[in-house]
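Colleague: Please read through the structure below; I'll follow up with questions.
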Amino acid sequence: MTSCHVAEEPIKKVAIFGGTHGNELTGVFLVKHWLENGAEIQRTGLEVKPFITNPRAVKKCTRYIDCDLNRVFDLENLGKKMSEDLPYEVRRAQEINHLFGPKDSEDSYDIIFDLHNTTSKMGCTLILEDSRNDFLIQMFHYIKASLAPLPCYVYLIEHPSLKYATSRSIAKHPVGIEVGPQSQGVLRADILDQMRKMIKHALDFIHYFNKGKEFPPCAIEVYKIMEKVDYPRNERGEIAAIIHPNLQDQDWKPLHPEDPVFLTLDGKTIPLGGDCTVYPVFVNEAAYYEKKEAFAKTMKLTLSAKRIRSSLH
């Protein structure tokens, strides 16, 4: 781990997205509260904008209207000619890109926190899109330390074919926040409290950084996506086996090649297979049935960040 110093520009504009998926209610609830009373998210010299990302889906308490808003922030969709014929979420993505971007430009927001719930037992999870982002690794290190002894996991979705065009990806520093387990269309006080604390610690980190605090070199443990695993299916494409009881609620726990992962209705156990231990995430996530994903395999690794300090100090 190198102690080389990285001077970062101070953070000026931050957005907090809730309702990217309209039935994941913790982010919706918090953002609506902060739109009414944002005192707890304000920090001196920092613009923090809470924002409901998919208002139509929020109103219907459904994940999306026409297509998944959290998958359409690619340059092709963002560059399409605005038309009523476009799916609602593509039109909404263009509006969001205009308000908080444009994506990959100097004018885009510095940080977007995108708030999500999962039905999987993933606890507090931070989603990282770039393993070389010293600033975010430092922030995640700070959040993890501040939440301790409550565990906080980091999911690295850096993958050539599995990375998707998230709503937060229009920011210079995109941050996904997942907290669960929580059923769709339901609120839980413990889950809300955990997400609220994650945002508090993140904003505190930004505040200290902007004030000139130097953060020494650090390292964090992350879980990097390897592949997504579908349910076993019959010749009609229908699910033919369910998550095995031994795997249910075991997100982040080691899963060995001989361990059972699926169970058929006639009692047959299907093991993981392969030749290495993996760490499952999004186990039996309700929203991923349509995406043909029973869970994702990850590998555990350590990321290091250089010492950082605001370039103004």
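Colleague: Which residue is nearest to the chain's Cα centre (by Cα), if the candidates are limited to region 183-206 and must be surrounded by fewer than 16 Cβ atoms within 10 Å (Cβ to Cβ) and under 17 Å from THR44 (Cβ atoms)?
Modeller: Among those that are surrounded by fewer than 16 Cβ atoms within 10 Å (Cβ to Cβ) and under 17 Å from THR44 (Cβ atoms), it is LYS200.
Colleague: Given the conditions (1) in contact (Cβ under 8 Å) with a residue 40 or more places away in the chain; (2) not in a strand (DSSP E or B), and given that VAL14 satisfies all but one, which numbered condition is not satisfied?
Modeller: That leaves (2) as the condition not met.
Colleague: Still on this structure: Could you give me the residue pairs with C-beta distances under 6 Å whose first residue belongs to region 168-181 and is touching a residue at least 12 places away in the same chain (Cβ under 8 Å), whose second residue is among the basic types (Lys, Arg) and open to solvent by 10 Å² or more (accessible area, probe 1.4 Å) wherever it lies, and which are 6+ apart or on separate chains?
Modeller: Pairs found: ILE170/LYS103; PRO181/LYS121.
Colleague: For the condition surrounded by fewer than 16 Cβ atoms within 10 Å (Cβ to Cβ) and within 21 Å of the chain's Cα centre (by Cα), what is the one hit in ASP230, ASP275?
Modeller: Result: ASP230 is the single residue among ASP230, ASP275 that is surrounded by fewer than 16 Cβ atoms within 10 Å (Cβ to Cβ) and within 21 Å of the chain's Cα centre (by Cα).
Colleague: Considering only region 28-60, how many residues are touching a residue at least 12 places away in the same chain (Cβ under 8 Å), open to solvent by 60 Å² or more (accessible area, probe 1.4 Å) and over 19 Å from GLU178 (Cβ atoms)?
Modeller: Counting residues in region 28-60 that are touching a residue at least 12 places away in the same chain (Cβ under 8 Å), open to solvent by 60 Å² or more (accessible area, probe 1.4 Å) and over 19 Å from GLU178 (Cβ atoms) gives 10.
Colleague: Just checking, how many residues over region 254-266 are within 27 Å of the chain's Cα centre (by Cα) and loosely packed, with under 13 Cβ neighbours inside 10 Å?
Modeller: So in region 254-266, the residues within 27 Å of the chain's Cα centre (by Cα) come out as 254-256, 261-262.
Restricting the remaining residues to those that are loosely packed, with under 13 Cβ neighbours inside 10 Å gives 254, 256.
Total satisfying the criteria: 2.
Colleague: Quick check on my filter: what residues within region 239-250 are part of a loop (DSSP other than H, G, I, E, B), more than 15 Å from THR277 (Cβ to Cβ) and open to solvent by less than 50 Å² (accessible area, probe 1.4 Å)?
Modeller: Result: ALA240, HIS244.
Colleague: Which of the numbered conditions does SER108 fail, given that it passes all the others? Conditions: (1) assigned to a helix (DSSP H, G or I); (2) in contact (Cβ under 8 Å) with a residue 60 or more places away in the chain; (3) surrounded by fewer than 23 Cβ atoms within 10 Å (Cβ to Cβ).
Modeller: Exception for SER108: condition (1).
Colleague: With aromatic (Phe, Trp, Tyr), within 15 Å of the chain's Cα centre (by Cα) and within 18 Å of VAL175 (Cα to Cα) as the only criterion, which of PHE51, PHE113, PHE100 stands out?
Modeller: Criteria check complete, one pass: PHE113.
Colleague: Here is a follow-up. Filter region 153-173 down to the residues that are open to solvent by less than 10 Å² (accessible area, probe 1.4 Å), in contact with a helix residue (DSSP H, G or I) (Cβ under 7 Å, 6 or more places away or on another chain) and in a strand (DSSP E or B) and list them by number.
Modeller: VAL154
Colleague: Could you tell me how many of the residues in region 37-65 are under 21 Å from ASN117 (Cβ atoms) and of a type in the set (Asp, Glu)?
Modeller: Within region 37-65, residues that are under 21 Å from ASN117 (Cβ atoms) and of a type in the set (Asp, Glu) number 1.
Colleague: Mind telling me which of the residues ASP130, ASP134, ASP107 ends up being closer than 19 Å to PRO50 by Cα and not hydrophobic (A, V, I, L, M, F, W, C)?
Modeller: Exactly one of ASP130, ASP134, ASP107 is closer than 19 Å to PRO50 by Cα and not hydrophobic (A, V, I, L, M, F, W, C), namely ASP107.
Colleague: Got at least one residue in region 221-235 being in contact with a Lys or Arg (Cβ under 9 Å, 6 or more places away or on another chain) and part of a loop (DSSP other than H, G, I, E, B)?
Modeller: Yes, there is a match, as at least one residue in region 221-235 is in contact with a Lys or Arg (Cβ under 9 Å, 6 or more places away or on another chain) and part of a loop (DSSP other than H, G, I, E, B).
The values are calculated or read from the model by the stated rules, or taken from the named source; none is laboratory data. None of the values given here were measured: they were computed from a predicted structure. Heads up, the Cβs are rebuilt from the backbone with ideal geometry, glycines too, and the neighbour counts pull from every protein chain shown. With ligands, DNA and RNA removed, areas are computed over all heavy atoms of the protein, side chains included. Shrake-Rupley method; radii C 1.70, N 1.55, O 1.52, S 1.80 Å.
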